[in-house]
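One structure is given here, and the rest of the page talks about it.
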Amino acid sequence: MRLSELREWLQGHGVALEVEAGQLKVTAPRGVLTPAIVAEIKAHRPHLLELLTLEARCQEVERFVAETLPAAETNERCGAVKYSDRQWQEIGDRIEEGLAAWNRLQELLGMEIPTAELAEVA
């Protein structure tokens, strides 16, 4: 099973995963978190934490780029965007951070993890 499949199964059964102060917070409807499911979540907690943290980082970079690029001054004659060297550097750095987080996120989502068949567990 891939980590993405575990996450999809959890989401499909109403299990919400969040990171709060570096800890994994799990919220689920009554009766969904059987001992076997809790064991799966605990076994893969580090990967789930990293997954959620990377997703948040990617969203942060997307927001930064979406807010920064349209806010630039444009040259009225040719329509070119004007940024200072410092602004270009910051934009480039943020995009690099986002790409690194995105690439790691894709690795995590495709990673095979040892787990019981969750359909049988629930």
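Just so you know, all these numbers are worked out from the coordinates, no wet-lab data involved. Being a predicted model, the structure only gives us computed values, none of them experimental. Neighbour counts run over all protein chains shown; Cβ positions are idealised from the backbone, glycine included.
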Quick one: which residues, 5 or more positions from residue 2 or on another chain, have an amide H under 5 Å from its amide H? H modelled 1.01 Å from N in the peptide plane, none for Pro or chain starts. 113
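Provide the FRET efficiency to the nearest 0.05 for the residue 8-residue 103 pair, computing r from the beta carbons and using R0 = 25 Å. Present the calculation step by step, with values, prior to reporting the outcome.
Details: r = 21 Å, r/R0 = 0.82.
E between residue 8 and residue 103, to the nearest 0.05, is 0.75.
Starting with the highest mean, order 36-48, 10-22, 90-102 by the number of other Cβ atoms within 10 Å, averaged over the residues of each peptide. If you can, show how the numbers build up before the last one.
Numbers: 36-48: 16.0, 10-22: 12.2, 90-102: 14.2.
Top to bottom by mean Cβ count within 10 Å: 36-48, 90-102, 10-22.
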Calculate the FRET efficiency for residue 16 and residue 87 from the Cβ-Cβ distance with a Förster distance of 41 Å, rounded to the nearest 0.05. 0.65
Each residue of the stretch 90-95 in turn: what ³J(HN,Hα) in whole Hz from Karplus with 6.51, -1.76, 1.60 and θ = phi - 60°, glycine and Pro shown as x? 5, 4, x, 4, 5, 5
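Roughly speaking, what is the stretch gain from residue 23 to residue 95, that is 0.36 nm per residue apart minus the C-alpha to C-alpha distance, in nm to one decimal?
Details: separation 72, 0.36 × 72 = 25.92 nm, distance 2.67 nm.
Taking residue 23 through residue 95 to full extension adds about 23.2 nm, to one decimal.
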